[in-house]
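Data block below; observations after.
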Amino acid sequence: MTMMLASLKCSNYDAKTILKHGFKDSVEMQRKMLDLVRDVGWSTFHNITHFKDMHIMPDGTIEVENVRLIDRFNSKKSSNGTLYLTATHLIFVDPQGKQETWILHMHVASVEKLALTTSGSPLQIKCKTFLNVTFIIPRERDCHDIYCSLMKLAKPANFEDLYAFQYTATSDIEKQYGWDMYSIENEFCRMGLPNDNWILTNINKDYEICDTYSSKLYVPKCASTPVLVGSSKFRSRGRLPALSYLYSNQAAICRCSQPLSGFSARCVEDEQMLQSILRANPNSPYMYVVDTRPKINAMANKAAGKGYENESNYTNIKFHFLGIENIHVMRSSLTKMLEVCELRNPSETAFLKGLEDCKWLNHIRNVLCTSVFISKAVQDGVSVLVHCSDGWDRTAQTCSIAGILLDPYYRTIQGFQALIEKEWLSFGHKFIDRCGFLEHVEVKETSPIFTQFIDCVWQLSRQFPCAFQFNERFLLTIHDHVYSCQYGTFIGNCEKDRVDLRLSERTYSLWGHLSSNMTDYINPFFKQEYELSHPVLRPNTAACSFQFWRGMYNRFDIGVHPRENIADIISAMKDHTDSMEDHVALLEKRVKSMCKLLGKSDETVQRKLQGMVVSSESLFSISDLTDLAHKFTSGNHLENDGDLSPNEGAINNGVKHSDSESGFEDEGSLMSKSGVDDSPTAPPRSLSMLEDNDNLAVDTLLMELHSIAVDWRQLRNVTQCSCAAPFEHFTKKYHCWKCGNVFCTRCIDRHIPLPGHYSQRPVPVCRPCYKEIKHSPSTPDFRAVIAGLPLLAVPSIEATQ
């Protein structure tokens with residue numbers, strides 16, 4: 001089992017190298033442990049942690065040898081190795097360095113010491129990315145010390161101790177990159193705002209009205225300031241109704257929190273606020289208020305002075321309860337489902353029964369059904385106000401998914417990022433509490449709300465594979481980085497928290513990281529024109545349409561996944577096709593240059609070349625072509641003041657041919673033997689007459705031919721990289737565009753233009769190929785290059801007749 005964390009994807013070294021020489025940003029990454037050592041001293045540090053029998057490296061990394069990693073499916077496949085505990089990761093490395101398991105401390109959900117065995121003390125670690133590993137540590141005391149350390153490192157006490165504040169990118173990305181990719185004004189401007197019905201208000205500019213909302217809100221133009229303030233005071237946590245999305249027919253999705261109605265309270269300003277939302281849509285005489293909670297839950301909240309709207313106080317408004325359970329039910333449901341996923345060898349009946357009993361897919365279905373109701377109402381021209389209890393969990397889920405169903409823009413990579421920024425970050429989803437980042441967060445506040453949202457989007461992508469620009473890997477990367485705290489994007493419970501922490505100045509943005517690795521996240525089935533035929537998605541919400549997401553919840557289990565990832569195979573085929581088309585474009589340019597040199601017609605050449613049939617008799621070695629090329633590139637063959645001799649370059653394999661039937665003359669040139677009418681359309685030109693960009697030097701031609709891999713290795717049976725790193729189901733495999741072999745992300749971290757491509761855009765190449773291209777001499781010994789090249793297929797005279 002191998003887990004190559006995305007947080008260290010860009011690292012060029014394996015675990016042993018990193019631990020031996022330190023991370024590129026090792027000073028920052030080890031800060032916490034080193035600070036502890038400096039503050040209390042080595043002796044006190046030993047007494048506190050009891051690491052007396054462990055090897056502690058100078059940078060603070062703790063090393064435990066003879067640790068066994070248990071394979072939960074087959075104990076005989078367990079592997080021995082060394083366990084390293086750094087300030088940010090727990091790393092297991094086997095003796096050969098081929099197998100590495102990286103666990104980011106922030107990903108740790110729980111740590112448990114199991115019953116002592118004869119071989120050692122088992123330590124079970126469950127991660128928020130659904131990785132589940134068990135280590136057998138020889139000494140019980142060592143196991144206890146690692147257990148205590150992980151419990152503290154997994155939940156820091158302060159914001160400043162989160163990984164994002166220590167992380168430094170190994171690439172050249174600046175910290176500011178990605179923070180300005182989203183603008184609330186630009187996003188609502190895309191919807192046509194402000195307009196005659198909706199305006200931007202700065203009433204919350206200092207977060208005085210609502211500290212969990214954005215400082216910029218869009219509200220009905222007819223709503224006065226007293227109405228906005230009064231409505232805010234009547235809503236839980238001051239979360240007044242605000243615009244979330246405006247459809248092209250002027251129907252709107254608004255969101256808020258539950259009213260503080262109790263059993264009989266009412267608020268005139270809140271009633272006026274809802275009427276303002278209704279009047280902002282001139283195309284409908286009524287609107288919906290969607291309470292995403294079960295009605296019994298909303299009724300129970302009345303005893304606490306909250307609850308739901310009294311229908312008799314709100315005219316021309318229809319109320320609906322749609323029954324999505326609360327955060328506690330969702331947390332329990334995921335726990336039960338993971339217990340099913342962790343069964344060692346479950347029977348089909350046991351697995352399906354456990355999946356049914358946990359009701360996870362039922363909850364996913366309820367969220368999606370609610371979103372479908374909202375989107376259908378908006379498409380029909382009716383505005384909808386959505387709320388749950390506080391308006392930051394179920395409301396965020398349903399408004400987001402309704403936006404995806406209604407707007408093709410949100411199905412693109414950039415649009416999906418904007419959607420998360422708008423619905424989850426600006427409107428204040430409590431990421432710190434729901435994800436349990438800090439020590440003070442109570443367990444009852446944690447809940448997989450964002451995980452459910454990602455799962456819902458995946459369900460939609462399964463039903464509409466051509467509608468989404470991003471792939472499954474994109475969703476998994478976002479999900480994992482929400483919990484990693486490697487980037488500042490999801491730190492904080494609201495916009496005010498992120499402003500106070502100055503995250504855009506002190507941390508990196510996840511959007512910048514994704515942007516720099518965009519090709520990894522493109523869905524090969526995406527069709528831009530799909531939005532024309534399916535502008536609004538109508539998913540099938542029948543129970544049989546929902547699938548268990550094996551790629552998320554059993555991601556790290558070997559043997560439960562298909563041998564091939566279809567999306568990756570299609571992506572590789574598209575990349576290969578792009579490479580060949582780019583190469584063909586350059587070859588066509590070279591053909592045209594030769595036509596200019598020989599004074600032949602481009603149209604005739606193209607017509608003849610497209611109609612050729614290549615036979616086995618038409619094979620000429622590259623050395624033959626090189627000899628011919630020398631005649632054209634050397635100055636000795638030029639006659640008549642530099643003009644080419646009309647008989648130079650004839651290829652006949654020792655046979656004299658007459659090509660009168662095919663339009664060739666006996667003394668035809670090289671290109672006439674390829675099917676070109678030798679009646680020149682322009683006088684022959686010498687090499688010196690070519691433009692500067694028509695470089696036909698033989699070394700350049702050979703370099704162009706040699707720099708492109710015509711055949712790419714198939715992904716199917718590739719189980720490990722040349723560096724011995726194994727490929728798992730979730731591991732991205734990369735082709736080198738020069739040699740065609742398959743590599744891991746470490747070994748193919750360079751991009752460079754290839755001489756054989758017309759576009760000269762940077763493409764991925766492996767390290768050896770990168771060095772070969774970068775250090776190639778300006779005039780290589782082309783004879784040496786030729787020796788390593790295969791025969792070229794050149795059309796013979798007979799084949800063109």
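The values are calculated or read from the model by the stated rules, or taken from the named source; none is laboratory data. If you're wondering where the values come from, they're calculated on a predicted model, not measured in any experiment. Please note: Cβ atoms are built from the backbone with ideal geometry, for glycine as well, and neighbour counts cover all protein chains shown.
Here C744 qualifies as farther than 16 Å from D575 by Cα, modelled with pLDDT of 85 or more and not small (G, A, S).
Listed here are the residues, each with its yes/no results for (1) buried (at least 21 other Cβ atoms within 10 Å of the Cβ); (2) at pLDDT below 95.
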position	(1), (2)
T292	yes, no
N301	no, yes
N310	no, yes
V329	no, no
L338	no, no
E342	no, yes
S347	no, yes
A350	no, yes
V382	yes, no
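Put simply, of F373, F319 the only residue that is aromatic (F, W, Y), closer than 30 Å to S533 by Cβ and in the same structural domain as E531 (by TED's automatic domain parsing) is F373.
Scanning the range 507-541 for residues that are crowded, with 16+ Cβ neighbours inside 10 Å, part of a loop (DSSP other than H, G, I, E, B) and in contact with a Phe, Trp or Tyr (Cβ under 8 Å, 6 or more places away or on another chain) turns up T507, Y508, S509, N523, F526, L537, P539. Here the range 612-630 is the region considered, the condition is being of a type in the set (G, A, S) and surrounded by 18 or more Cβ atoms within 10 Å (Cβ to Cβ), and the residue that is modelled with the lowest pLDDT is S618.
The combined condition, being assigned by TED's automatic domain parsing to the domain that holds S509, among the aliphatic types (A, V, I, L, M) and in a helix (DSSP H, G or I), is not fulfilled by L200. Sub-6 Å Cβ pairs linking a first residue in the range 125-146 that is under 19 Å from D557 (Cβ atoms) to a second residue that is part of a strand (DSSP E or B) and charged (D, E, K, R), at least 6 apart or interchain, are N132/K126, ordered by first then second residue. Summed over the range 718-744, the residues that are of a type in the set (K, R) and either over 21 Å from the mean Cα position of the chain (by Cα) or not in a loop (DSSP other than H, G, I, E, B) (or both) give a count of 1.
Inspect the range 183-206 for any residue being in contact (Cβ under 8 Å) with a residue 60 or more places away in the chain, closer than 19 Å to F490 by Cβ and surrounded by fewer than 21 Cβ atoms within 10 Å (Cβ to Cβ) and give the result as yes or no.
Yes, the conditions are met somewhere in the range 183-206.
The residue list G415, G428, G403 contains one member that is assigned to a helix (DSSP H, G or I), touching a Ser or Thr at 6+ places or on another chain (Cβ under 8 Å) and either assigned by TED's automatic domain parsing to the domain that holds L514 or of a type in the set (D, E, K, R) (or both), which is G403.
The residues in the range 159-175 that are closer than 29 Å to V441 by Cα and outside any helix (DSSP H, G or I) can be counted, and the count is 6. If you filter the range 457-488 down to residues that are polar (S, T, N, Q) and closer than 28 Å to H105 by Cα, you find that the one that is surrounded by the fewest Cβ atoms within 10 Å (Cβ to Cβ) is T477.
S533 meets all of the listed conditions (1) modelled with pLDDT under 95; (2) within 30 Å of K376 (Cβ to Cβ); (3) within 18 Å of the chain's Cα centre (by Cα) but one, namely (3).
Quick check on the range 601-611. Is at least one of its residues in contact with a helix residue (DSSP H, G or I) (Cβ under 8 Å, 6 or more places away or on another chain), over 30 Å from R716 (Cβ atoms), at pLDDT below 70 and basic (K, R)? Scanning the range 601-611, I find at least one residue that is in contact with a helix residue (DSSP H, G or I) (Cβ under 8 Å, 6 or more places away or on another chain), over 30 Å from R716 (Cβ atoms), at pLDDT below 70 and basic (K, R), so the answer is yes.
Residues that are exposed (fewer than 15 other Cβ atoms within 10 Å of the Cβ) and part of a helix (DSSP H, G or I) within the range 558-568 comprise just one, I566.
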